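Accompanying notes for the structure given below.
Computed from the coordinates by the stated procedures, all read-outs in this text should not be read as laboratory data. As the structure is a prediction and not an experimental result, all values here were calculated from the model. No Cβ is skipped: glycine too gets one built from the backbone with ideal geometry, and neighbour counts run over all protein chains shown.
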Amino acid sequence: MAENCLTFENLTLGYNSHAAVHHLNGAVRRGSLTAVVGANGSGKSTLMKGIVGALKPISGKIDIKPGTRIAYLPQQSEIDRSFPARVFDLVSLGLWPKRGLLGRITAGDRAEISKALMSVGLSGFENRPIDTLSGGQMQRALFARVLLQDADLILLDEPFNAIDAKTVGDLLDLVQRWHGEGRTIIVVAHDLDLVRENFPECLLLARSAVAWGPTRTALHPERLLAARRFDEAWHEDAPWCGDSQEPHAHNHDHHPHHHA
Amino acid sequence: MYEFFIAPFAEFGFMQRALFGSLLLSLSACPVGVFLMLRRMSLTGDAVAHGILPGAAVAYLMFGLEIVPMTIGGLIAGLVVALGAGAVARFTLQKEDASLAAFYLISLALGVLVISIRGSSVDLMQVLFGTVLALDSSALILIASICVITLVSLTIFWRGLVAECLDPLFLRSVSRIGTPVHFAFLTLTVLNLVAGFQALGTLLSVGLMMLPAAGARFWVNRVSAMSALAVLFGFASCVTGLLVSYHAALPSGPSIILAAGVIYIASVFCGTRGLIRTHFITHRHRTA
């Protein structure tokens with residue numbers, strides 16, 4: 001059995017004590033390729049933020065294998081498109097884990113950046129100002145940055161939104177290449193056909209996990225229907241999540257949170 | 001020519017000191033201004049400059065017009081305002097513009113109050129508008145030290161500052177350095193404003209920081225080039241401003257800032273990315 005890269009133990013994440021991800025248990029195997037699927041508001045992005053540590057769990061915990069290098073491509077980046085930077089500057093940020101604040105960008109690094117740009121189909125874009133990039137070109141550049149990060153665990157939050165078919169194809173090839181290199185990859189996606197074709201494993205999320213396993217069984221129509229029935233809204237009078245009905249309740253510190 | 005351009009500086013010690021001090025100030029403050037502008041914090045300098053007032057005022061009332069106590073006082077007050085506002089913005093839901101407004105308004109009111117307890121409006125004018133022609137050697141040493149500190153820190157933190165401006169969320173995901181870099185940068189801003197207020201006063205020292213930077217934005221599209229050009233604009237403003245003030249017997253601080261203002265307005269229209277080039281000249285274009 002392959003070791004786990006990432007383990008969720010009765011994990012609850014949320015905002016203002018309302019749960020957005022509710023009592024999630026499970027593990028992500030090292031080298032696996034997982035899609036996270038679910039309606040808007042089902043907790044997919046929240047889960048990603050929890051994994052990178054941008055959001056503290058309300059209860060439960062996330063165990064990441066020590067020494068795991070994480071690359072995270074958020075759904076809404078905070079990139080300042082008007083900042084006077086070139087594609088080279090943006091992509092070279094991916095070298096940060098290696099070079100840090102003071103390390104010099106070497107000739108080898110430059111070659112590596114050019115290679116990364118070539119892999120995403122942006123050869124010769126090094127000196128283009130970032131405010132001249134199209135949405136798809138920007139996404140390709142960000143994938144080049146992930147490439148440079150050389151991470152063990154890669155988290156991509158809706159990377160295929162508003163991207164044309166050709167670009168999606170190219171980016172998926174890259175994801176498959178990372179998968180082939182033994183990296184652990186988790187991708188939030190909406191297109192079920194795309195998920196069925198490209199992702200061996202799938203987590204179907206509707207605040208709590210509706211299904212998690214091989215994509216074919218996880219995306220079974222019955223499961224999808226169950227996922228669709230979930231109520232997205234928060235209710236001020238939602239009951240506090242109890243101590244009794246949860247099988248692992250004794251495991252987590254007793255922070256109260258609303259059920260919805 | 002010599003009479004007009006060189007003689008004022010060659011013949012008068014106070015003009016030499018004013019020139020030397022203001023050039024050092026440009027070298028140090030203009031790159032800081034470039035980063036303030038790129039982070040959309042152009043008005044932060046203004047707010048912090050107001051925030052410096054009570055510290056400088058308390059020192060002024062206690063020790064008179066002495067550079068060291070006033071600098072330390074201004075530094076403390078400025079740091080409280082900049083770092084306090086920065087902390088509120090980083091760790092609560094409030095954005096930096098609102099927290100900064102709150103902090104500097106409190107500080108400004110406190111400053112005016114302190115001055116009015118014992119001073120006259122002449123005192124207030126001196127603190128607010130400074131006197132570049134009265135720079136003594138202790139003031140010059142102070143400005144030179146702050147200049148060195150600024151240039152060294154900018155060199156060290158350059159990549160961090162660029163990353164923090166360009167993609168703060170990414171920087172947070174790979175490194176914890178974002179917050180220290182931000183606070184180091186705020187400290188540099190305060191230091192440079194304090195360095196400037198002896199020469200230009202608390203209000204106008206922001207001018208030498210922001211105007212050359214804002215002008216340089218219209219000419220180049222690289223951060224390093226922009227900083228260099230801003231420094232150049234700063235130098236030109238200081239020389240022009242001092243000469244104009246000497247020959248026309250005008251106050252020197254406002255003359256320097258107005259010279260920078262003229263360069264800014266000219267850049268808005270004539271810059272390679274300015275109004276005329278982008279709006280009124282039809283360009284030929286390439287097929288790809």
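Tabulated results
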| quantity | calculated |
| --- | --- |
| Chain B - percent relative contact order, Cα under 8 Å, separation 6 or more | 26 |
| With at most 11 neighbouring Cβ atoms within 10 Å, loop trypsin sites (Lys or Arg not before Pro) (DSSP) excluded, longest segment of chain B | B:177-283 |
| Whole-Å distance, taken between Cα centres, linking the range A:53-123 and the range B:197-250 | 36 |
| Mean ellipticity per residue at 222 nm, deg cm²/dmol - from DSSP H runs of n ≥ 4 across the protein assembly as shown, formula -39500 (n - 2.57) | -19000 deg cm²/dmol |
| Qualifying lysines (Cα of each under 20 Å from Cα of A:K56; at least 8 residues distant if same chain) | A:K44, A:K65 |
| Within chain A, longest stretch free of exposed GluC sites (Glu not before Pro) [DSSP loop, at most 14 other beta carbons within 10 Å] | A:79-180 |
| Whichever lysines have a C-alpha closer than 18 Å to that of A:K115, once near sequence neighbours (fewer than 8 apart) are set aside | A:K98 |
